[in-house]
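Reading through the structure tokens given below for one structure.
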Amino acid sequence: MKSDVIRTEVLVVGGGTGGTAAAIQAARQGAQTLLVSEFAWLGGMLTAAGVAAPDGNELLAWQTGLWGAFLRELHHRQAGGLNHAWVSFFTYEPKVGAAIFADWVAALPNLHWVSGQTPQEVLRQGDRVVGVRFEELTVHAQITVDGTELGDLLALGDVPYRWGWENRAAFDEPSAPGSLTDPQDPLYSLVQAYPVQSPTWVVLLQDYGKGQQAPAIAPTSAYDPSQFEGAWSGYGEATFLTYGQLPQQQYMLNWPQKGNDYGEDLNRLMQGKAAQEEWAQAAIAHSQNFAHFIQTNLGDRYGLAEQAFPQLTNTVGGGAFALHPYYRESRRVIGLKTVTEQDLLPQVGGQVAALPVNAQGAVSAIAIGNYPNDHHYPGFKMPLTSKSMRWGGRWTGTPFAVPYEALIPATVDGLLVCEKNISVSHIANGATRLQPIVLGLGQAAGMAAALCIQHICQPRELSVRTLQSSLIQDAQAPAAVIPLFDSLPQHSDWCTQQQYYLQSPEHYPLNGYAHGHPHRRTNLSVSKQLPVSLATFQGILQFTQTGTAWQAHLQISEARRLNLVTLAPDMHQQISALKQNQSITVSGVLNGFAGWLQAVEIT
């Protein structure tokens, strides 16, 4: 077969969440960029893998960079809005997200996208990656970015990586097992059953309507209903369904409790194409059986959402099933710095993690996240050191920053990583794997790749301060690198505050508030920029408060009560200052499925 030879400045392999972001940012920064993906949809977890209910980085202060731009575009494009589920503030049709990324790519004349290709060989000259050979083309590049779902370039290029667990001695992580081989260790059975976190093959259901009958969902020969019994125990049928409800009466099935997480013999993912396909067939059958179980037990009005994804002819997936699994973990590069659990936990007496500092004493933060550490192992509950907090009337995660060194292989040049394949421990991966932070990692990797072209240097030689300033001052999608609860991009001093804490990390506040507790208007101005409908309710405020943490309810009538939540720092502070049983009028965005009112204005 003839193989075309292409030369480019930046090559991004993998059209997932991180890879798509990396390609867009590198091209926007002026680099000649080639993006090569396996599937015809870009966006990975956010689109092709069907996780259209993203977790983490939900507060307004964290909605920056390409993640914030993606949310704003969703608000404008998604018919019916984004308020449909209780697991996320943002749910949408996967095809809408895919269209956004495709349009962003098409708008860049220096970004060329090739789909339907997978990497076959990594080209190296000594300790430097110089390109990749695919089925039908060979690409020579000055900088290559691995944005694959399973860190494929690491294995193909003989780049040192980790797969699976580390014991406590490796990084002294409080939640790590003491031993991986001692049957007396409390986590021994879990470690033996699951080398990595369980993936999920997402499937979408369609509600055909009351009194309507959907086409029957056939079970596979491996169907065993006992696998799913108790799936919605403790939640109820309606709450279970609205967990991942999407627009257009669709339901995302990405359910961990006796659901469609599938972790059988995960080492097959590392054992070549045939073993991977064997696992994939079993995983998609498991999700089909879960859908059959739901239809059988909750009603035949629920069928497969056959038009949710493109139909595939040469592999599993497509139709109602995601194009590929939602991988929560992959090969993880051994980088210049490994992010561990301690790097994500809040400092003593505070609610933010310490800023990462490199060997030269400079803050090296390039992307922010805040998700609680969350691991998926069917049948096991993993005890983890908490990094959760109550903010804005609901539980969220404490914020942290990822260092640039986690994107750079320790021993190989010409290569950056930007997916679940960053240099991170197995334990810490539970908080760094989420969609918004991976978009941020991709944006940082793409910016770094383009800057390396401009400065004629390798990633390890690039000034981290140059990278940070470029991210903060990006013309189209300025990205925060310092987590600050009360500092939003639309504030006039946002950029100044970001730069200040990069230069003076010793002044970074333990509570994460640059200005104390703000009273500046933020949420109303944001909501006016978005096509959202506001609802107004009058009622009695009832809440419990411990310190600055509170949970509030608006009692509208004897029979109706709404949870009062907010994503805006000024609303958080205003509600905190209200009194129990105070009569108030609240305007906000109503999510009837979640039972909450996202406050915009209170009088």
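The values are calculated or read from the model by the stated rules, or taken from the named source; none is laboratory data. Predicted model, so just to flag it, every value in this text is computed and none were measured. Neighbour counts run over all protein chains shown; Cβ positions are idealised from the backbone, glycine included. To get the accessible areas, we keep the full protein, side chains included, count just its heavy atoms, and leave off ligands, DNA and RNA. Shrake-Rupley method; radii C 1.70, N 1.55, O 1.52, S 1.80 Å.
Using θ = phi - 60° and the Karplus form 6.51 cos²θ - 1.76 cosθ + 1.60, what ³J(HN,Hα) does each residue of region 147-157 get, whole Hz, x for Gly and Pro?
x, 6, 5, 10, x, 4, 5, 5, 6, 5, x
Return the whole-Å distance between the Cα centroid of region 135-186 and the Cα centroid of region 26-42.
The two parts, judged by their Cα centres, are 24 Å apart.
For region 1-123, what is the relative contact order in percent, using Cα pairs closer than 8 Å and at least 6 residues apart in sequence?
31
If each residue of separation counts as 0.36 nm, what is the full-extension length gain between residue 542 and residue 270 once their alpha-carbon separation is subtracted?
92.6 nm
Ranked from highest to lowest mean number of other Cβ atoms within 10 Å per residue, what is the order of the peptides 442-450, 533-541?
Ranking, from highest mean packing down: 442-450, 533-541.
Averaging sequence separations of C-alpha pairs under 8 Å and six or more residues apart, then dividing by the length of region 107-203, give the relative contact order as a whole percent.
Over region 107-203, the number comes to 15 percent.
Please work out how much length the chain gains when fully extended from residue 216 to residue 281, using 0.36 nm per residue of separation minus the C-alpha to C-alpha distance, in nm with one decimal.
Working: separation 65, 0.36 × 65 = 23.40 nm, distance 2.02 nm.
Difference between extended and current length: 21.4 nm.
How far is the Cα center of region 270-331 from the Cα center of region 89-110, in Å?
Their Cα centres are 23 Å away from one another.
Rolling a 1.4 angstrom probe over the protein heavy atoms, how many square angstrom per residue are accessible across the chain?
37
If you roll a 1.4 angstrom probe over the protein chains with everything in place, what fraction of the accessible area of region 38-190 belongs to carbon and sulfur, to the nearest %?
The nonpolar share, carbon plus sulfur, comes to 47 percent.
For 228, 321, what's the largest-to-smallest order of accessible area, 1.4 Å probe?
Correct descending sequence by accessible area is 321, 228.
Relative contact order for region 66-163: what is it in percent, counting Cα pairs under 8 Å that are at least 6 residues apart?
So the answer I get is 14 percent.
Magnitude of the Cβ-charge dipole of the chain, K/R +1 and D/E -1, about the Cα centre, nearest 20 debye?
About 1180 debye.
What are the radius of gyration and Dmax of region 327-432, computed over its Cα atoms and given in Å?
Final numbers for Rg and Dmax: 14.3, 46 Å.
Under 13 Å from the Cβ of residue 110, count the other residues' Cβ atoms, weight Lys and Arg +1, Asp and Glu -1, and hand me the total.
0
Cα-Cα pairs above 23 Å in region 1-147: how many percent?
On the way: 4140 of 10731 pairs.
In whole percent, the long-distance tail amounts to 39.
Taking the mean number of other Cβ atoms within 10 Å as a proxy for protection, how do you rank 416-428, 179-191 from highest to lowest?
Per-residue Cβ counts within 10 Å, averaged per peptide and sorted highest first, yield 416-428, 179-191.
Which entry in (i) 90, 49, 24; (ii) 61, 40, 19; (iii) 35, 31, 24 is this structure's computed semi-axes √(5λ) of the Cα gyration tensor in Å?
The listed entry that was calculated here is (iii).
Roughly what % antiparallel, to the nearest 5, for the DSSP beta bridges in region 1-140? Write out the running numbers ahead of the final one.
Values: 9 of 22 bridges.
Antiparallel bridges: around 40 percent, rounded to the nearest 5.
Please list 297-308, 16-27 highest first by mean number of surrounding beta-carbon atoms within 10 Å per residue.
16-27, 297-308
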